[in-house]
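The values are calculated or read from the model by the stated rules, or taken from the named source; none is laboratory data. Given the structure is predicted, the values throughout are model-derived calculations rather than measurements. Every residue, glycine among them, receives a Cβ derived from its backbone with ideal geometry; neighbour counts consider all protein chains shown.
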Ligand code: SF4
């Protein structure tokens with residue numbers, strides 16, 4: 001077996017100061033700057049500042065470049081522009097819609113389903129999606145030190161029903177390759193683990209994240225690796241994203257996608273059809289289409305269940321089965337995602 005730690009250290013030393021970190025540090029985090037850069041009328045600014053006060057704006061340059069300036073209906077802009085609607089209270093929309101606070105047996109670890117656990121591998125993201133179900137998540141309480149990671153790893157070691165570790169966040173790939181490589185090395189020492197799954201939006205919003213340092217530890221691990229990307233609209237997939245996905249595939253990573261059905265972003269048959277087609281051009285298979293989790297501040301994105309089913313029924317008439325995502329809802333306490 002190759003020494004993952006050494007491989008990661010060498011590659012990380014060469015590339016850790018690489019472009020993606022600079023791009024992340026230069027992401028637009030000021031709503032006024034976002035409006036100015038995208039030629040949005042000043043009228044939007046007070047609302048944007050209200051939403052921003054609840055959940056910080058964060059849009060990296062590579063994602064910003066795919067938004068049409070001056071178009072308030074742009075489906076990528078809708079995902080990242082804070083709005084006054086976020087400050088409105090809506091019955092049933094709460095801070096922790098999936099009741100994850102109840103499912104944390106160790107710091108940095110969430111255990112919801114049989115056979116797999118989530119590790120909060122990084123508390124930050126490269127983009128702040130306005131509909132995010134973890135927009136109120138207490139990341140400060142879930143950023144383990146190395147010693148605390150060992151406690152979480154001990155939990156995995158003690159439960160031999162766990163076959164899959166899932167890096168989640170935040171966005172796990174916002175973490176350093178040195179830290180991620182260390183964690184993967186620790187997971188490889190747990191004999192009953194078979195798979196590593198990584199839930200990430202970073203290769204989409206900053207494709208340069210897929211650099212040599214990342215590929216080094218992905219390529220070196222013997223764990224079967226699945227990356228679940230998060231893409232909601234075909235316009236998110238440009239050539240740089242396709243190139244990043246090609247590199248991931250060459251490193252042996254299986255690529256899947258999960259989307260959220262969002263009002264004003266992808267709530268039409270044509271948008272969902274174009275998304276599946278474009279995903280396959282990037283060699284990514286559609287996996288889940290989630291209905292919105294009822295998180296406080298995101299009610300304006302909600303699409304009702306009947307409408308969601310109707311959209312998916314029509315979509316089925318247009319796409320081959322392997323390009324059909326499964327329409328699901330996550331219900332706290334259920335042993336799996338619930339098909340609609
Ligand atoms: S990247 Fe994922 S975790 Fe981060 S804000 Fe977006 S949806 Fe939430």
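Residues that are more than 10 Å from the ligand (Cβ to nearest atom) and either in contact (Cβ under 8 Å) with a residue 60 or more places away in the chain or not in a helix (DSSP H, G or I) (or both) within region 134-145 comprise 136, 138, 143, 144, 145, listed in sequence order.
Screening residue 148 on (1) modelled with pLDDT under 90; (2) assigned to a helix (DSSP H, G or I); (3) within 16 Å of the ligand (Cβ to nearest atom); (4) surrounded by 15 or more Cβ atoms within 10 Å (Cβ to Cβ) shows it passes everything except condition (3).
Within region 81-92, identify whether any single residue is touching a strand residue (DSSP E or B) at 6+ places or on another chain (Cβ under 9 Å) and more than 15 Å from the ligand (Cβ to nearest atom), and answer yes or no. For region 81-92, residues touching a strand residue (DSSP E or B) at 6+ places or on another chain (Cβ under 9 Å) and more than 15 Å from the ligand (Cβ to nearest atom): absent. Checking each residue in region 98-133 for being touching a helix residue (DSSP H, G or I) at 6+ places or on another chain (Cβ under 8 Å) and within 11 Å of the ligand (Cβ to nearest atom) picks out 120, 122, 123, 124, 125, 126, 127, 128, 129, 130, 131.
Conditions tested, residue by residue: (1) touching a residue at least 40 places away in the same chain (Cβ under 8 Å); (2) within 24 Å of residue 301 (Cβ to Cβ).
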| site | (1), (2) |
| --- | --- |
| 168 | yes, yes |
| 186 | no, no |
| 207 | yes, no |
| 228 | yes, yes |
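Does at least one position in region 76-83 carry a residue that is at pLDDT 95 or above, closer than 25 Å to residue 139 by Cβ, part of a helix (DSSP H, G or I) and in contact with a helix residue (DSSP H, G or I) (Cβ under 6 Å, 6 or more places away or on another chain)? No, region 76-83 has no match at all. For region 181-207, the set of residues classified as more than 12 Å from the ligand (Cβ to nearest atom), within 16 Å of the chain's Cα centre (by Cα) and part of a helix (DSSP H, G or I) consists of 207 only.
When the test is whether a residue is buried (at least 20 other Cβ atoms within 10 Å of the Cβ), out of contact with any helix residue (DSSP H, G or I) (no Cβ under 6 Å at 6 or more places or on another chain), closer than 29 Å to residue 295 by Cα and at pLDDT 95 or above, residue 172 passes it.
Among the candidates 321, 304, 252, the residue that is surrounded by fewer than 21 Cβ atoms within 10 Å (Cβ to Cβ), closer than 21 Å to residue 203 by Cα, more than 16 Å from the ligand (Cβ to nearest atom) and modelled with pLDDT of 95 or more is uniquely 252.
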